[in-house]
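Heads up: the structure comes next, in structure tokens.
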Amino acid sequence: MKRLNTQLQEDDCPLELILLIRTLLAACKEISFRVSQGALAGVLGSTLSDNVQGERQKKLDVISNQILKDILSESGYVKAVSSEEEDKVIGCTNDGKYLISFDPLDGSSNTDINSLIGTIFSVMHAPQWMEPDDPSAFLQPGTQQVAAGYVLYGPSTMLAMTTGRGTHLYTLDKTHGGFLLTRERVEVPRETQEFAINTSNQRHWEPCMQQYMADLLAGDQGPRNKNYNMRWVAAMVGDIHRVLCRGGIFAYPWDNREPEKPGKLRLMYEANPMAFLMEQAGGAASTGRMRILEVMPDDIHQRVPVILGSADEVEACLSYYADQ
Ligand code: AHG
Ligand code: MN
Ligand code: MN
Ligand code: MN
């Protein structure tokens, strides 16, 4: 099986980016180990602090964030990092070439039930003019990402990554500690009969999303003429991994619970990296009104509605937005 390094070289990835990715993955391997220790290492449960999103931090949110921050800031390749668990950008190495945004632990509510969790990351070039702790340098649209992906801490530890030459899946071989290529150039089926959305929020959605979902639920008796199945892992990494593997549509749409915050998911370290992976695998990713990768960010913790997955199904969903 092909090693990660070999694949990155074949994809013409610059050496410095390869070294940065390897550093990032060293951190993820450590997180994978800590996660696997669970209650034995006392890493489950919550802390007494909240993050900038107002979410109560789990111990594993804090531990994963610290591991990534320490390893990346000492690497020499990174100018600054930005994290779900950090209010502000953290300056690292002045002549570092890259900026990294990460969700250190996605699916926090799954930590205490031994269910799917992961780390999501997005890498961009660091502008030369920036001061290392200047947040404005991060405010580039997702089209500017040079690498993005996630590490899924499941029954196997897996990496899904793109550097703009397709989306590849790798599996961590814990016997020697390397990621091996287990699926090259993922192609998400254009059509699907599976959706992932938290339907308990249905009453808060816009009318167009309500109508789309009503038509899916009507099955072969409704306008879509086919029966759909539903899955919800409650960790975006788990849901997106399934969509990459076998197709589907994933949505966390705008809802009116916090009208000033459009949706729950964060642009820089959740929506953008997943949108890049999905598009590189032939899928689509939209806010409902525009391509996610073209959203011009105005804040490192900005939220955005997310609709992504199988291209034809995303298009079908977007037709409801166009009609409203
Ligand atoms: P995080 O654990 O990083 O805060 O992200 C959780 C997100 C995302 O992974 C998932 O799709 C969504 O929250 C689940 O939301 P609900 O609890 O509303 O279903
Ligand atoms: Mn969180
Ligand atoms: Mn998350
Ligand atoms: Mn998180």
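Values quoted throughout were computed directly from the atomic coordinates according to the rules given, and no laboratory measurement underlies them. Model, not experiment: these values are computed from the prediction. Every residue, glycine as well, gets a Cβ built from its backbone with ideal geometry; the counts of neighbours run over all protein chains shown.
Partners of LYS79 within straight-line reach, counting aspartates and glutamates whose Cα lies under 19 Å from its Cα and excluding those fewer than 8 residues away in the same chain: GLU16, ASP70, ASP87, ASP95, ASP103, GLU131, ASP133, ASP134, ASP299. Please give the Cα centre distance for the range 173-219 versus the range 25-99, rounded to the nearest Å. Answer, in whole Å: 26. Any chance you could give the angle, 0 to 90 degrees and rounded to 10, that helix 59-75 forms with the longest Cα principal axis of the chain? Computed tilt is about 50 degrees. Think of the chain as a dipole: +1 on every Lys or Arg Cβ, -1 on every Asp or Glu Cβ, centred on the Cα centre; then among TRP232, ASN256, SER64, TRP232 lies furthest on the positive end.
Could you work out the local net charge near GLY118, counting Lys and Arg as +1, Asp and Glu as -1, over the other residues with Cβ closer than 9 Å to its Cβ? Please report the intermediate quantities before stating the final value.
Values: positive: none; negative: ASP103, ASP106.
So the surrounding residues net to -2.
Here the Gaussian network model covers the chain, with springs between Cα atoms less than 10 Å apart; of ASN272, ASN94, ASN227, ASN227 fluctuates the most. Placing +1 on the Cβ of every Lys and Arg and -1 on the Cβ of every Asp and Glu, with nothing else charged, gives the chain a dipole about its Cα centre of roughly 820 debye.
Which ordering of ILE113, ILE67 is given by a fewest-first count of other beta-carbon atoms within 10 Å? Mind dumping the intermediate values first?
Details: ILE113 9, ILE67 20.
Lowest to highest Cβ neighbour count: ILE113, ILE67.
Result for the chain in a Gaussian network model with C-alpha springs under 10 Å: among GLN280, GLN144, GLN37, the largest mean-square fluctuation is at GLN37. Dipole orientation for the chain: of the candidates LEU308, LEU169, GLN140, LEU169 has the Cα lying most toward the positive pole (charges on Cβ; Lys, Arg +1; Asp, Glu -1). Seen from GLY178, the other residues with C-beta closer than 15 Å to its C-beta sum to a net charge of +3, counting Lys and Arg as +1 and Asp and Glu as -1.
Around the Cα centre of the range 71-141, unit charges on the Cβ atoms of Lys, Arg, Asp and Glu (plus for the first two, minus for the last two) sum to a dipole of about 300 debye. Helix 207-217 axis versus longest C-alpha principal axis of the chain: approximately 80°, rounded to the nearest ten. Computed per residue of the chain from DSSP H runs no shorter than four, each worth -39500 (n - 2.57), the mean residue ellipticity at 222 nm is -9000 deg cm²/dmol. The mean sequence separation of alpha-carbon pairs under 8 Å and at least six residues apart, normalised by the residue count of the range 245-324, gives a relative contact order of 41 percent. Taking the fewest neighbouring Cβ atoms within 10 Å as the starting point, the ordered list for CYS245, CYS208, CYS92 is CYS245, CYS208, CYS92. Of the peptides 228-235, 257-264, 18-25, 300-307, the ranking by mean beta-carbon count within 10 Å, highest at the top, reads 300-307, 18-25, 228-235, 257-264. Excluding same-chain neighbours fewer than eight residues apart, the aspartates and glutamates reachable from LYS174 by a Cα-Cα span under 12 Å are GLU30.
Please report SER32, SER200, SER319, SER310 as a ranked list, fewest other C-beta atoms within 10 angstrom at the top and most at the bottom.
Numbers: SER32 21, SER200 8, SER319 11, SER310 26.
In order of increasing Cβ crowding within 10 Å: SER200, SER319, SER32, SER310.
Pairs of Cα atoms nearer than 8 Å and 6+ residues apart set the relative contact order; for the chain it is 16 percent. Take the Cα of ALA214, step 7 Å toward its Cβ, do the same at ASP133, and the gap between the two points is 5.3 nm. Cross-link pairs exceeding 22 Å between alpha carbons, from the set LYS29/LYS69; LYS69/LYS97; LYS226/LYS264: LYS226/LYS264.
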